[in-house]
Amino acid sequence: MDELKKRFSALLAKVNLDEKRNRSAALETESGSPSFWQDHQAAAAKMKELAAIQKEMAEIEQLKLLIDK
């Protein structure tokens, strides 16, 4: 189990979860702006990026919960 925790820690270092949280927060803030939705293609691309980041963060959190059991 210790080896698994070490590998997970190494994975977290590579993933840079703090950067993902910051990017997610920035995209959420940006999407609240009325002008954000004026360019539908750009808005859709950013919302797709946001969804991917949120999914990845949720998967990492689930993995962390499983490893910590």
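Dipole orientation for the chain: of the candidates 54, 10, 29, 10 has the Cα lying most toward the positive pole (charges on Cβ; Lys, Arg +1; Asp, Glu -1).
The phi-based Karplus calculation (6.51 cos²θ - 1.76 cosθ + 1.60; θ = phi - 60°) puts the 3J(HN,Hα) values of the stretch 25-40 at 4, 5, 5, 5, 5, 4, 5, x, 7, x, 6, 4, 8, 5, 9, 4 Hz, whole numbers, x for Gly and Pro.
Lys-Lys pairs in the chain that are eight or more residues apart or on separate chains and whose Cα atoms lie under 28 Å of each other come to 25.
Estimated from helical segments only, the mean residue ellipticity of the chain at 222 nm is -29000 deg cm²/dmol, where each DSSP H run of four or more residues counts as -39500 (n - 2.57).
Provide the FRET efficiency to the nearest 0.05 for the residue 44-residue 16 pair, computing r from the beta carbons and using R0 = 35 Å. The computed FRET efficiency comes out at 0.90.
Every number in this text was worked out from the coordinates using simple rules, so none of it is lab data. Nothing here was measured: the structure is a model prediction, and the numbers come from that model. So basically every Cβ, Gly included, is an ideal-geometry build from the backbone, and we count neighbours across all protein chains shown.
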